[in-house]
Each structure stands twice: as structure tokens, then as C-alpha cells.
Amino acid sequence: MRRALIALLGAGALLLAALVAVALPAAAAPGTLKEAAAAKGRVFGAAAAQSHMGEAAYASTLDREFNQLTPENEMKWDTTEPSRDAFNFGPSDQLVAHAQAQGMKIRGHTLVWHNQLPGWVGGISSRDDLLSAMRGHIAKEAGHFAGKIAYWDVVNEAFQDGSGVRRDSVFQRVIGDGYIEEAFRAARAADPAAELCYNDFNIDGRNSKSDAVYALVKDFKARGVPIDCVGLQAHLTLGNVPSDMQANMQRFADLGVDVHITELDVRMSTPADGSKLATQANDYKKVVSACLAVSRCTVITVWGVTDKYSWVPDVFPGQGAALLFDDNYGKKAAYNASLEALGGTDPGDPGDPGDPGTVTCSYARTAQWDTGFNGQVTIKAGASAVGSWTAVLTMGSGQQISGLWNGTPSTSGNVVTVKPVGWNASLAPGASASFGFTVSAPSGNQAAPALTCSSP
Ligand code: XIL
């Protein structure tokens, strides 16, 4: 009796377990960049400017999607110590408070850089004086934020572009090669908890400049100079993600430092169009995938929240549209590609190849003769971008498509399904693509084929 009861209870428990297993839905794929990145053990950040924080869409997009914030300008020397020993942490304190309230990590940017450097620093000509000014600046700034900063870009852009030679900055000229390690030692002393990074541009792939940074990190590691990470800025141009980016990150990781992608953007000549945006989406996907393939690539940060305020058009005239959100805070194809590369999905926002979107289509006869005609189908994206489209033509009796251009047909009986050819797959909001075809038909039968379309 007892045994039977136990058996019955056991069976009941099994049944219950089975029911629970059926009732629990599979965990939904993460729907924001920060959630998807967190699920992969990564951080996804954005540079942000205090001057835009009052714009509701700016702040809400930042807060919704990103879990790391880099002050775009507020922690630079010309803002924090505009004249010697006179410090101003007003704007940076506000950004730090916002980030902390949102649970975002903060990247300090940057302690020692040749740009946005107040004139008084450039005027120092004695080695001891500049060393003490630099140490004083670092002690005060990194000390002010100590405990609140996850990562510091201690030294920024110390090498010349296109070579392994040190940049001719006032620090290099007056202090000499040793200024970089002095800066790192001062930063460690001021904030022992922060990860200390060297940060530069055009070191995303292997080249003479990244070789020089590699040699620097290797030397620091060998001599015990404190360094924890290398920042690859990744200010990229369309279609030019270095093919060896992953290998380059891996070689830094193998030296025992973390790798951060710190200022990612992919600029294009403006205006943007569907095909450029699709290339850009693929570029972002490549960068995110390369990072995920390197276990020590722990942070991906884009250089701005929205194209509306990107630095690109100011510095590279005629270029822009480099970020994940457009001028109206709409998600671009690059957003979806990044999210999907991180393993997330955003069912509410089409635009990535494979994502559904809304398209409408129309048919027009463009030529006709006794035993046939030419037709053209135009597919138009709705308010959201679409990554791809499908048109289905049902031909009338005796009608047959004998040629088709700018589309990829597959035929089954009298139904012809047409997909894009590649370059005309992705459509910006409101943009359209067309394909044409020739029909051979019984004499005088120019009846329009039935047409439906969908996305993808
Ligand atoms: C840029 C800012 O985005 C601009 O607002 C500012 O006018 C100039 O600096 N590399 C860096 C960043 O390390 O600090 C730069 O930020 C972009 C290039």
C-alpha cells in the first residue's frame, strides 16, 4: 500500500515536472543591446554628452540600450583643468551621477592626450615641471572619481598614424618616452580599482601602429608597469572592417590584457541609402562577432547615441550616419545586426536581413506586343527599414515569364516567387526596389499577373 502510494506520488511528481516544462516558455532572446551583451558576459556602451541629456529621447535611448557610459568630452583636460590647479568636474560629475543611477559602468576618457589640452600645458618646457603637472592632473582627476570608474583611458593616441613612431606631442617632446608609463603609475596610485587602458585609433587590425602598441604593452607587462587593457577606437569607414581584427585583438589578449572596442562608428558618405546601410550593418556585425570570438574582448562602446549628434560630420565633411540610431532615434539596420550578433532579437523593429518588415508593392506593364509584354514590380518599404523582400506573381493561363532582371525568380506551376538579387534587398524606410520581366503569352493576353509581397 505504502509502496503503491510512493509510486503514485512519484508518478504525480513526474507528471507535474512534465507539465511545468511544457508550461514554461523558452527564455525570450534579449531585446536590448545591454541585455544581449550581458548574456554574453560583455558590456555595451555609448559615448554621451551632458549637453544632450535634457533631450528625452536621447536620455531614454541611452538608458534603455547601454550599460556603460563614456563622457564624450567632459573628462578631457581642457574641461577638467582649464588653468593650472583649477579643477572643474561639474559636467563630468553630472554624467557620472546619471550613469550610477542607471547602473552603468563608466569609462574615464581621457587623462593624457595631445588634443583638447589647455594652452598652459603646451607652454611648459621643463621636464620636471611637465611631469609634475601631468602627475598632478592625474592624481586630482582620477582621485576625484576614484571608485566610480570601471576603466580609464589613461593615455590616448600616443603614436603617429601610419607608423610605429611616437606622436610629437608636448609630453613626448618634453618628458620623453617615459611619459606613458609615468601616467599609468600615477593613475594606478590615484584609483587602484580602475582598469587602466591605452587607447588609440587605427590599431583595430595589424599594422605598424598596432605593432608599436603591442610592443609597448608587452614591455609594460614584462617590467610590471600597470596596464590592464587596450582600447581599439574603431572609427571605421564603410566596408573596411580589418579582416584581421579578431587576430589583432587576440594577440593583445594573449599578452594578458583585456581588449575594449572604445569608440566604434562606421561612417559613410551622406546621404545614406539602403545599400550603404546594409553594408554598415554587416560591418557592425563583423566587429561584434570578432569581439565575441575573443574572450578578453569585454567591452564594446559606440561613439555616440544617435547620428544626430555624431562627431563625424564635423570632422569628416560629407560623411556621417555612422551610429546605431538615426537622427530620429530610429533603430538602423546596424542596430539589429549588432543585437543579433550578440544573440538578441528585437521583434518590434524590422530592418535586419531576416527580420520581417512591412512592404507594399505595385505592378505596371511597361511594354506590350501581340504575344507578350514586359512588366515591372516595385516594392516599397513602410515606416521601418526592411532587410529583404519577397514578391509572388501568379501568372494567367498560358502566360510564362521568359526573362527577369533585378530579381531572383523560382517557379512552381504558374506561381513565380521573386527574391532580391542582393544589392536591392535592403530598403531604408520609404525606399523602394524594382524588378522587371518579360512574359510570353497567348495572342492578345496581356492580363496583369496577381501580385502579393512580404518581408523578408
Ligand atoms: C571627439 C568628440 O566626439 C567631439 O565632440 C570633440 O569635438 C572632439 O573629440 N578620438 C577620441 C575622442 O579619443 O575623444 C574624440 O572625440 C574622437 C576621436
Checklist outcome for this item: Scanning segment 387-427 residue by residue, the ones that are out of contact with any Lys or Arg (no Cβ under 9 Å at 6 or more places or on another chain), open to solvent by less than 40 Å² (accessible area, probe 1.4 Å) and under 30 Å from Phe325 (Cβ atoms) total 4
Next on the checklist: If I filter segment 139-160 down to residues being in a loop (DSSP other than H, G, I, E, B) and among the small types (Gly, Ala, Ser), which single residue comes out as nearest to the chain's Cα centre (by Cα)?
Outcome noted: Ala150
Next on the checklist: Checking the conditions here, which among Val217, Val165, Val154 is at pLDDT 95 or above, surrounded by fewer than 18 Cβ atoms within 10 Å (Cβ to Cβ) and touching a helix residue (DSSP H, G or I) at 6+ places or on another chain (Cβ under 8 Å)?
Outcome noted: Val165
Checklist entry - Do we have any residue at all in segment 143-165 that's in contact with a His (Cβ under 9 Å, 6 or more places away or on another chain), under 21 Å from Thr70 (Cα atoms) and away from the ligand (no atom under 16 Å from the Cβ)? => result no
Item to check | Top-ranked residue in segment 305-330 [being aromatic (Phe, Trp, Tyr) and outside any loop (DSSP other than H, G, I, E, B); ranked as farthest from the ligand (Cβ to nearest atom)] | outcome: Phe325
Checklist entry - What is the number of the single condition among (1) open to solvent by 10 Å² or more (accessible area, probe 1.4 Å); (2) away from the ligand (no atom under 13 Å from the Cβ) that Ala337 does not meet? => result (1)
Checklist entry - Only one of Ser289, Ser275 is among the hydroxyl-bearing types (Ser, Thr, Tyr), touching a Phe, Trp or Tyr at 6+ places or on another chain (Cβ under 7 Å) and not in a loop (DSSP other than H, G, I, E, B); which? => result Ser275
Checklist entry - Of these, Ile138, Ile124, Ile106, which one is of a type outside the set (D, E, K, R) and within 16 Å of the ligand (Cβ to nearest atom)? => result Ile106
Item to check | Residue satisfying condition, being more than 16 Å from the ligand (Cβ to nearest atom) and among the hydrophobic types (A, V, I, L, M, F, W, C), within set Leu117, Leu131 | outcome: Leu131
Next on the checklist: Among (1) under 19 Å from Lys34 (Cα atoms); (2) loosely packed, with under 15 Cβ neighbours inside 10 Å; (3) in contact (Cβ under 8 Å) with a residue 24 or more places away in the chain, there is one condition Thr70 misses while meeting the rest; what is its number?
Outcome noted: (2)
Checklist entry - Has segment 168-185 got any residue that is within 16 Å of the ligand (Cβ to nearest atom), under 15 Å from Leu111 (Cβ atoms), modelled with pLDDT of 95 or more and of a type outside the set (A, V, I, L, M)? => result yes
Checklist entry - Looking at segment 294-304, is at least one residue away from the ligand (no atom under 16 Å from the Cβ) and out of contact with any Gly (no Cβ under 9 Å at 6 or more places or on another chain)? => result yes
Checklist entry - Scanning for something within 18 Å of Phe145 (Cβ to Cβ), without any contact (Cβ under 8 Å) to a residue 40 or more places away in the chain and away from the ligand (no atom under 16 Å from the Cβ), does segment 77-86 turn up at least one residue? => result yes
Next on the checklist: Looking at the structure I just gave you, is Ala47 within 16 Å of the chain's Cα centre (by Cα) and away from the ligand (no atom under 16 Å from the Cβ)?
Outcome noted: no
Item to check | Matching residues in segment 243-252 - criterion: being open to solvent by 10 Å² or more (accessible area, probe 1.4 Å) and either in a helix (DSSP H, G or I) or among the acidic types (Asp, Glu) (or both) | outcome: Asp244, Gln246, Ala247, Gln250, Arg251
Checklist entry - Restricting attention to segment 199-209, and to residues there that are within 16 Å of the ligand (Cβ to nearest atom) and in contact with a helix residue (DSSP H, G or I) (Cβ under 7 Å, 6 or more places away or on another chain), which single residue is most open to solvent (accessible area, probe 1.4 Å)? => result Asn202
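The values are calculated or read from the model by the stated rules, or taken from the named source; none is laboratory data. Just so you know, these numbers come straight off a predicted model, no measurement behind them. Please note: Cβ atoms are built from the backbone with ideal geometry, for glycine as well, and neighbour counts cover all protein chains shown. Calculation scope for accessible area: heavy atoms of the full protein, side chains included, ligands and nucleic acids excluded. Shrake-Rupley method; radii C 1.70, N 1.55, O 1.52, S 1.80 Å.
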